[in-house]
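One structure below.
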Amino acid sequence: YHDQIQCRVNLAQIVADPHHIRLILDHLLRHAIMASPEASFVEVQWDGNEQRWLLSVSDHGDKISPEMQKVMFEPFGAYRGGTGLGLATVWQTCESNHWRLNIESSDDVTLLSVEGYMAVQEEEDHG
């Protein structure tokens, strides 16, 4: 398939539902890998601070047209050989967590990113 997945992490931890994080990372990576030509790489980057985090996944596949960007998160909107549920699942997961989903696409790179606020950890009452 591809030569490599490059990963840069500039964040000590993310306070969010781990199942939802895994779900969006899995689907964004699958999308990027399927979109990328062979002998290219996919890049994953985590950034953030105490309040917010940003997960970005980029690939070097074909540019996604503005028209396709409007519908690519709809169920069964597959256009790259998938089922059409992966990006719809990402969108739904982001909506349910109030995370922001963004896409930027040019001739050289497509970047899908998810931005969220750190969840508040509730302390257990031992009283």
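The table below lists the values:
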| read-out | value |
| --- | --- |
| Loop-located GluC sites (Glu not before Pro) in segment 26-77 whose Cβ has at most 11 other Cβ within 10 Å (DSSP) | Glu38, Glu50 |
| In degrees, nearest ten, helix 86-97 long axis to first principal axis of the chain (Cα) | 30 |
| The chain, accessible surface, carbon-and-sulfur percent (1.4 angstrom probe) | 49 |
| Cleavage-rule hits, chymotrypsin sites (Phe, Trp or Tyr not before Pro), segment 1-57, DSSP coil, Cβ neighbours within 10 Å at most 11 | Tyr1 |
| Sites Ile103 and Ala12 - FRET efficiency at Förster radius 30 Å, r taken between beta-carbons, to 0.05 | 0.65 |
| Approximate spin-label separation Ser96-Leu111, in nm, with each point projected 7 Å along Cα-to-Cβ | 2.8 |
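The values are calculated or read from the model by the stated rules, or taken from the named source; none is laboratory data. No experiment lies behind these values; they were computed from the predicted model shown. Using ideal geometry, Cβ is built from the backbone for each residue, glycine included, and neighbour counts are taken over all protein chains shown. Ligands, DNA and RNA are stripped out before the accessible areas are found, and what is left, the full protein with its side chains, is counted by its heavy atoms. Shrake-Rupley method; radii C 1.70, N 1.55, O 1.52, S 1.80 Å.
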